[in-house]
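The values are calculated or read from the model by the stated rules, or taken from the named source; none is laboratory data. These numbers come from a predicted model, not from an experiment. With ideal geometry, Cβ positions are generated from the backbone for all residues, glycine too; neighbour counts draw on all protein chains shown. The area values use the complete protein model at the heavy-atom level, side chains included, leaving out ligands, DNA and RNA. Shrake-Rupley method; radii C 1.70, N 1.55, O 1.52, S 1.80 Å.
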Amino acid sequence: MGLIDEIGERLDALVRDLESSLQGARSDDDVRARAARIVGKKGELTALEKRIREVPPEDRRELGRRINEAKARADRIVEARLAALRAEARRRELEGPALDVTLPGRPRRIGSLHPVRQCEEELLDALQALGFEVADGPEIETTAFNFWKLGFAPDHPATCMQDSFYLRDDVLLRTHTSPIQVREMLSHPPPVRIAAPGTVYRRDDDVTHSPMFHQIEGLLVDEDVTFADMKGILTLFVRRVFGPDTPVRLRPSYFPFTEPSGEIDIGCLICSGRKVGCRVCKGTGWLEVGGCGMVHPVVFENVGYDPERFSGFAFGMGVDRIAMLRFGIGDIRLLYENDVRFLRQF
Ligand code: FA5
């Protein structure tokens, strides 16, 4: 018998082996594992294929044909066994106990908005009701928009490399939403009335300071806007959000981009001004919700607005802090741990 017939018989034997071996396979994986022993990369049939080099050149074509035919038969045997297993599984399912459609389904747990997002929406709703339009800007900001056009001096502590997350010397993760003021004024002539929510970043980390937190910026610019307008609108806004009788006060402060500047305080939501022993307002009766002030003429000059003709006010609030006050959360870090047991409460 020539070499070609010897290899040919071996091929036939392998295909028969495969067929009988697969009869014992009970799962798809089992079928594939058994098939791999013969037709896999390291299988016996694959090894035989390599022997094609040993036969004389005039017989190679014939051997190639026989090998391909054996492989095709092997493939058909594998497919047939897989199909038989599938049919068997279906038959068992149909013969098994009937599906009890009266069993109650598994309820899907409905998620809810994150407490920070809930507060952001409430604050924005109140501002939109007062005529502010929502605007936004990028989280990766240039030092020009984040600092210089807002009148920060290069030696201001906030501009320090240690205080902010810098990507390059002149590019950083924005430290507040105030650069949106600059972007808005550069791209729109007055009047402007925007509310801009956003994520901001600082090198902070303790129970009331997170390295990533959220602010909402407000900006209103027009002719004849006064400090009294600012106080009136802020009071309306705070009362819409925290209740109609909430006391509001403005406390002198400093921001490079507003003059005069103030902090917006509201009467303590927890002790309602009774003060004694209140841990939330630390016995002061007041809670700080953000900063505000009349837009500094330097900012108007930097964006090409005439400071003699236009005036305006801006404010910025920490949304996470407001959520903490609102829901009585003592540690800001709880807001970002994504623990569903905590989040489900709100
Ligand atoms: C500012 O960021 C000013 N841009 C706000 C402003 C806008 C003033 C427009 C005037 C006009 P300040 O650094 O105080 O200001 O931050 C504002 C609020 O952000 C704070 O009152 C506080 O509620 C919140 N905040 C600040 N740092 C953190 C922090 N690390 N984690 C959580 N909240 C913070």
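Note down all Cβ pairs under 8 Å where the first residue falls in the range 148-168 and is among the hydroxyl-bearing types (S, T, Y), the second is loosely packed, with under 12 Cβ neighbours inside 10 Å and assigned to a loop (DSSP other than H, G, I, E, B), and they're at least six residues apart or on different chains. Final answer for the pair search is T159/A153.
Taking the criterion of being free of Cβ contacts under 8 Å to residues at least 40 places away in the same chain, of a type in the set (V, I, T) and within 16 Å of the ligand (Cβ to nearest atom), the residues of the range 257-295 that qualify are I266, T284.
Applying a threshold of 7 Å to beta carbon distances and a minimum spacing of six or more residues, or different chains, the list of pairs starting in the range 188-204 at a residue that is more than 21 Å from R321 (Cβ to Cβ) and ending at one that is surrounded by fewer than 19 Cβ atoms within 10 Å (Cβ to Cβ) reads P190/D222; P191/D222; R193/G131; R193/E133; I194/E133. Evaluated against (1) over 26 Å from R117 (Cα atoms); (2) within 16 Å of the ligand (Cβ to nearest atom); (3) open to solvent by 20 Å² or more (accessible area, probe 1.4 Å), E301 falls short on exactly one condition, (2). Of all the residues in the range 107-158, those that are polar (S, T, N, Q) and touching a strand residue (DSSP E or B) at 6+ places or on another chain (Cβ under 8 Å) number 4.
Just a yes or no: is a residue in the range 204-216 in contact with a Leu (Cβ under 8 Å, 6 or more places away or on another chain) and modelled with pLDDT of 95 or more? Working first, answer last.
To start, the set of residues in the range 204-216 that are in contact with a Leu (Cβ under 8 Å, 6 or more places away or on another chain) comprises 210, 216.
Applying the additional criterion that residues be modelled with pLDDT of 95 or more yields 216.
Looking for residues that are in contact with a Leu (Cβ under 8 Å, 6 or more places away or on another chain) and modelled with pLDDT of 95 or more, one finds at least one in the range 204-216, hence yes.
Assess whether G293 counts as being touching a strand residue (DSSP E or B) at 6+ places or on another chain (Cβ under 7 Å), part of a strand (DSSP E or B) and farther than 18 Å from L186 by Cα. When the stated conditions are applied, G293 passes them. Look at (1) over 34 Å from the mean Cα position of the chain (by Cα); (2) of a type in the set (A, V, I, L, M, F, W, C); (3) within 24 Å of A228 (Cα to Cα) and you find that A314 fails only one, number (1). Checked against (1) surrounded by fewer than 17 Cβ atoms within 10 Å (Cβ to Cβ); (2) in a loop (DSSP other than H, G, I, E, B); (3) at pLDDT below 95; (4) in the same structural domain as F300 (by TED's automatic domain parsing), G131 passes all but a single condition, namely (3). Quick one: how many residues across the range 54-74 are exposed (fewer than 12 other Cβ atoms within 10 Å of the Cβ) and under 15 Å from R16 (Cα atoms)? The total comes to 1.
Confirm whether E308 is within 10 Å of the ligand (Cβ to nearest atom), open to solvent by 30 Å² or more (accessible area, probe 1.4 Å) and in contact with a helix residue (DSSP H, G or I) (Cβ under 9 Å, 6 or more places away or on another chain). Give the steps one after another, and end with the answer.
On the way: within 10 Å of the ligand (Cβ to nearest atom): no; open to solvent by 30 Å² or more (accessible area, probe 1.4 Å): yes; in contact with a helix residue (DSSP H, G or I) (Cβ under 9 Å, 6 or more places away or on another chain): yes.
So E308 fails the test.
Pairs linking a residue in the range 221-248 that is in the same structural domain as M294 (by TED's automatic domain parsing) to a residue that is basic (K, R), with Cβ atoms under 7 Å and 6 or more positions apart or on different chains, are E223/R309; T246/R239. Taking the range 7-120 as the region of interest, the helices (runs of 4 or more DSSP H) fully inside it that hold 1 or more residues being modelled with pLDDT of 90 or more and out of contact with any His (no Cβ under 9 Å at 6 or more places or on another chain) are 28-39, 57-95. Taking the range 318-346 only, how many residues are outside any helix (DSSP H, G or I) and touching a helix residue (DSSP H, G or I) at 6+ places or on another chain (Cβ under 6 Å)? Count: 1.
In the range 79-91, the residues that are surrounded by 11 or more Cβ atoms within 10 Å (Cβ to Cβ) reach residues that are not in a helix (DSSP H, G or I) with C-beta atoms within less than 8 angstrom, at least six apart or across chains, in these pairs: R81/A25; L85/A25; L85/R26; L85/S27.
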